[in-house]
1. Hey, got a sec? Which GluC sites (Glu not before Pro) in region 483-547 land in a DSSP loop and have at most 14 other Cβ atoms within 10 Å?
2. Per residue of the chain, what 222 nm ellipticity follows from adding -39500 (n - 2.57) for every DSSP H run with n ≥ 4, rounded to the nearest 500?
3. Return a whole-number percent for the relative contact order of region 332-437, with Cα pairs under 8 Å and 6 or more residues apart as the contact set.
4. Considering only the other residues whose Cβ falls under 15 Å of the Cβ of Pro537, what net charge follows from Lys and Arg at +1 and Asp and Glu at -1?
5. Loop-only check: which trypsin sites (Lys or Arg not before Pro) in region 46-105 are DSSP coil with at most 13 other Cβ within 10 angstrom?
6. Give the relative contact order (percent, whole number) for region 415-489; include only Cα pairs under 8 Å separated by 6+ residues.
7. Would you mind pulling out the separation of the Cα centroids of region 456-512 and region 275-323, in Å?
8. For the pair Ser580/Ser390, report the inter-label distance in nm, with labels modelled 7 Å from Cα in the Cβ direction.
Amino acid sequence: MSNSQDGAGVADDLIAFYQKDSERVPNPSETLEYQNVDKLAYAMSKVPMRTARPLKVICVGAGFSGLDFAHEVETRAIENCDLTIIEKNSDLGGTWLENRYPGCACDIPIHSYQYSWAPFPQFNSFYAGRDDILTYLAKVADQFNLRKYIKTSHKVIGAKWIPERKKWQVQIVATDGREIVTSDSQTRDGEAGEPFVEECDVFINATGAYNNWRWPTTPGRESSRATCSAIQILPAILDSVDKIYVLLRSRTWVTPALANRFAGGTGGNQIYTEEQKQEWTDSPETYFVLRKDIEEELNVRFRLYLKGSNAQNMGRKMTEKMMTDRLAAKPELADELLPEFPVGCRRPTPGVGYLEALCSPKVEIVWGELDSFNETGVKTASGQQLNVDSIICATGFNMGFVPRFPVIGSHGRDLREDWTKELPASILGVTVEAMPNYFVYMGPTSPLGHGSIIGSIEHVTSYIRQFVYKLQTENYAYFQPKEGVSKAWQAHALKWMAKTVWVEGCASSFKNGALEAPVVSLHPGSRLHYFDLLEHPRFEDFEWTSLCQDPMNMFAWLADGFTAAETYGTKTGSYYLTVSTLEFLKNSIENLLKPPSFFKK
């Protein structure tokens with residue numbers, strides 16, 4: 001009898017589960033022919049098809065992605081799931097907990113930067129500030145009962161796939177409870193106690209990248225108190241300082257406000273009155289239509305990113321005029337700031353108030369590279385010494401996608417080594433070759449270049465749910481991408497990128513700060529293109545390994561010959577005849593009662 005080889009522990013657990021679950025089946029009808037052939041197949045034959053086996057899932061990170069997955073579990077869109085979200089910080093929020101620089105805000109209209117399943121009409125402004133977004137996430141977690149899934153003040157320091165057990169072993173260490181804990185491959189600050197291991201069937205990396213700060217490599221940074229100012233920071237601190245040096249290495253586009261007409265058409269950050277917020281609160285339908293209109297406008301802008309397109313040409317003219325108008329107080333700055341590369345080569349940012357701040361007499365722009373930090377300030381490559389009280393490093397985030405802890409998959413493959421030595425490759429930014437039962441949110445080739453990331457996160461969650469459901473109901477131990485599929489996907493993406501402005505000569509986060517580098521961070525198509533692919537998973541691109549060792553038993557998951565829905569009455573015996581079907585039949589009958597066209601002659 002089978003089930004004595006690798007994965008026997010998983011099989012034994014499932015046999016016990018199906019035995020227990022069969023006790024609630026009203027009319028059991030097991031398949032006796034399996035009794036002396038395969039213990040697991042026989043146990044499955046006692047329950048209806050689509051009985052979801054229990055799965056343990058560990059997710060790293062309690063930001064927007066982790067909470068979205070928790071909501072899927074809490075609402076039972078994913079059944080029989082034991083979920084733990086490991087969060088290194090003392091509270092949820094992810095990037096919105098960690099980033100707290102002056103002016104920190106979302107550069108996407110807030111109507112699009114919220115969950116579709118948790119609309120919130122009480123945001124204070126069109127571009128919401130960090131505090132408002134963090135408060136929103138806390139409210140969502142409370143309202144939908146999601147905190148119970150989160151283990152705060154714990155940090156994942158490694159994960160390894162154990163082929164004999166068909167499970168991940170995740171190494172975790174408690175922290176000392178500090179509010180923010182750094183996570184990278186070197187820092188151990190804040191770790192407390194001895195590491196311990198938790199096992200899971202599915203491992204999800206939802207750590208993101210917008211809290212992985214890329215510090216300058218310029219000599220002397222550690223000995224200084226402060227360097228440059230960013231688009232959001234400068235307007236926020238202008239009134240509080242006597243003098244600001246803005247160190248710029250290259251020109252950049254500051255774009256018109258996204259979906260500007262919905263913000264009053266002024267290009268600023270519209271602040272909402274209590275009356276406006278109350279109107280949306282009292283009329284959810286009105287708020288929904290507004291959100292839908294803004295989302296539509298963000299999506300139809302995508303052709304801006306195609307080189308030479310009408311949208312690109314129009315966008316460039318509009319942006320040139322807007323920048324020139326806002327720099328009217330110092331018109332010479334327009335010639336210095338307007339770049340040669342196309343609009344969108346770098347991520348577009350509305351930069352509310354930034355250009356006006358550059359015109360302030362308090363601000364001095366210093367062009368060129370930085371030579372070094374020192375105790376009184378900084379020294380530029382040209383030899384100029386700038387003595388300052390504080391330095392703000394606004395040098396962005398590390399967008400290399402390399403995990404911040406070891407992730408060891410099949411055959412000892414270390415994802416950190418793979419993605420350090422070669423270009424990071426994944427399928428749809430979600431699944432990775434040689435990483436069984438592993439998912440990542442917003443990995444390589446994700447739609448990070450335009451629109452709101454929240455809609456993408458929700459579609460990724462739905463995509464993961466379909467894989468989890470297949471694992472739970474079709475007797476699979478694990479899946480992983482077939483060899484070569486990730487590379488083929490990446491090859492297509494790179495070919496497609498050649499026609500976009502993203503490959504042009506600018507140093508951008510899409511190239512992880514490089515001037516000339518392959519663009520592996522972005523999806524090869526529009527956001528709607530990405531959604532469509534996630535809605536229809538190509539399961540044929542993956543290897544699926546059954547828990548039944550004998551291939552002749554691969555269909556044992558068909559179980560007792562009945563569905564769980566009909567056995568437990570969650571669907572009627574005629575569920576496939578719907579109201580819409582009835583309406584169609586009514587129209588069909590009316591048409592059939594008419595004489596055929598050839599009788600009308």
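The values are calculated or read from the model by the stated rules, or taken from the named source; none is laboratory data. Here the structure is a predicted model, which means the values were calculated and not measured. Glycine gets a Cβ as well: all are built from the backbone with ideal geometry, and neighbour counts include every protein chain shown. We work out accessible area using only protein heavy atoms, side chains counted, and drop any ligands, DNA or RNA first. Shrake-Rupley method; radii C 1.70, N 1.55, O 1.52, S 1.80 Å.
1. Working: sites: Glu483, Glu504, Glu516, Glu535, Glu540, Glu543; in loops: Glu483, Glu504, Glu516.
Those satisfying the criteria are Glu483, Glu516.
2. Value at 222 nm, helices only, nearest 500: -9000 deg cm²/dmol.
3. This gives 11 percent for region 332-437.
4. Residues close to Pro537 contribute a combined charge of -2.
5. Arg76, Arg100
6. Averaging sequence separation for qualifying contacts and normalising by length gives 39 percent for region 415-489.
7. Here the answer is 26 Å between Cα centres.
8. It works out to 5.6 nm between the two label points.
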